[in-house]
Ligand SMILES: Nc1ncnc2c1ncn2[C@@H]1O[C@H](COP(=O)(O)OP(=O)(O)OP(=O)(O)O)[C@@H](O)[C@H]1O
Ligand SMILES: [Mg+2]
């Protein structure tokens, strides 16, 4: 006879039943102990570990159902199988609710008993594996979150420090310096802007990761946001033979409610790209009303350029993080490859979609929609 190393405790107040189970299970290779009452059962459980406890529901001084939590407290990985001579749906439900794994009716057939023990032990093992994986996952998530929060802190600090350096660099640029010095300072400025942009992008990604990306709901004037964007990009436009034109359709509500800063961030990302990848020609920004539905409306923005364009096979890729076309072109001043991915995340979080139409050599067109709340006067 082979032992299968499964320890079983049988709890029943009828000695002949205990003997019967012990004989049957021992013959099948199980290690079996018996207990005739609660005291003996708990004493056994304190002494040694059992894979399974077979328990009669009706015991002399107590019920098997009341014993379930006490067994679980002593050994949480032991499976409990209830056995009764008086089956009822109600008692079965009470047993399962209390934590029993199976419910057998006397007289129990050998095959049913073995199957119940094996199946319950197997299920318990699976449950434990799932729990242990869940614990590992929770620990990993917690440590990942802590790292992300650290990253947020660092990128925020880098941004603040870079602001200081850029500010002082700008003062130096305006001071009495020679051509060579101006050239050096300009290159410091480019690198500083790059580093600040990188810190900002990392901060945004970290926020997405820890679910801390929040959106304001404030009233704002759309034209004001677009004028801000035009003001910010003006110095870079001036460096190339490019014209920047914007237009807001008449039916777009003048005032909207939503996150103006995020909208500005998306527009700046797209227009900065357009400037970066266009050597000459035109960059246009249009705002159109898509739909007005109840208290909200979707506004459609189109950013068009006459730049180098993006090959068809790369067009789906550009919204993925860290994407940059393989060969840097002469107009490519370097970038983190995160801008468009952040735009996509922001647009989608603001209830819209972003898409790209581009023809290499002719130009690119980025389109996105955003849902805004209408402010009271505009509600239709
Ligand atoms: N208007 C455009 N014209 C041509 N190529 C573009 C245009 N916009 C984006 N791309 C391509 O898509 C890539 C990804 O753009 P994305 O804005 O994500 O990154 P980036 O501009 O390189 O860096 P940054 O993170 O600083 O924005 C770019 O590197 C470029 O190859
Ligand atoms: Mg970019």
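What follows draws every value from the coordinates through simple rules; no lab data is involved. Owing to the predicted nature of the structure, the values given are computational and were not obtained by experimental measurement. Methodologically, a virtual Cβ is constructed for each residue, glycine included, from the backbone with ideal geometry; neighbour enumeration extends over all protein chains shown.
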Legend entry - Protection proxy ranking, peptides 236-244, 151-159, average beta carbon neighbours within 10 Å, highest first: 151-159, 236-244
Legend entry - Nitroxide proxy distance, nm - points 7 Å out along Cα→Cβ at residue 77 and residue 312: 5.9
Legend entry - Percent RCO, i.e. relative contact order, over the chain, from Cα pairs under 8 Å lying at least 6 residues apart: 10
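Mind giving me the FRET efficiency for residue 129 and residue 40? R0 is 30 Å, r the Cβ-Cβ distance, nearest 0.05 is fine.
After rounding to 0.05, the efficiency reads 0.40.
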Inset, instruction - Rank these for me by crowding, 19, 13, 178, 56, going from fewest to most other beta carbons within 10 Å. - result: 178, 19, 13, 56
Inset, instruction - In Å³ and rounded to a whole number, note down the convex hull volume per residue for the Cα atoms of region 7-108. - result: 86
Legend entry - Relative contact order %, region 234-349, counting alpha carbon pairs below 8 Å whose residues are six or more apart: 26
Inset, instruction - Compute the acute angle (0 to 90°) between the alpha-carbon long axis of helix 222-238 and the principal axis of greatest extent of the alpha-carbon atoms of the chain; round to the nearest 10°. - result: 60
Legend entry - Most mobile of 134, 196, 262 in a GNM of the chain (Cα contacts under 10 Å): 134
Inset, instruction - Taking only Cα atoms and a 10 Å spring cutoff, compute GNM fluctuations for the chain and point out the largest among 263, 285, 133. - result: 133
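Using the number of other C-beta atoms within 10 angstrom as an exposure proxy, rank 228, 200, 249, 12 with the fewest first.
Lowest count first: 249, 228, 200, 12.
Scale the Cα Rg of region 135-209 by the rule-of-thumb value 2.2 N^0.38 Å and send over the ratio, two decimals.
Normalised Rg, Cα atoms only: 1.57.
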Inset, instruction - May I ask for the angle, rounded to the nearest 10°, between helix 15-27 and the longest principal axis of the chain, with both axes built from Cα atoms and the value confined to 0 to 90°? - result: 60
Inset, instruction - With the Cα gyration tensor of the chain in hand, give its eigenvalues times 5 under a square root as the equivalent ellipsoid semi-axes, listed largest first in whole angstrom. - result: 72, 25, 19
Legend entry - Ranking of 14, 33 by count of other Cβ atoms within 10 Å, fewest first: 14, 33
Inset, instruction - Can you tell me the 0 to 90 degree angle between the C-alpha axis of helix 64-74 and the longest principal axis of the chain, rounded to 10? - result: 60
Legend entry - Ratio of the Cα radius of gyration of region 20-65 to 2.2 N^0.38 Å, where N counts its residues: 1.18
Legend entry - Alpha-carbon centroid distance for the pair region 237-259 / region 1-59, whole angstrom: 80
Inset, instruction - Provide the FRET efficiency to the nearest 0.05 for the residue 115-residue 302 pair, computing r from the beta carbons and using R0 = 51 Å. - result: 0.15
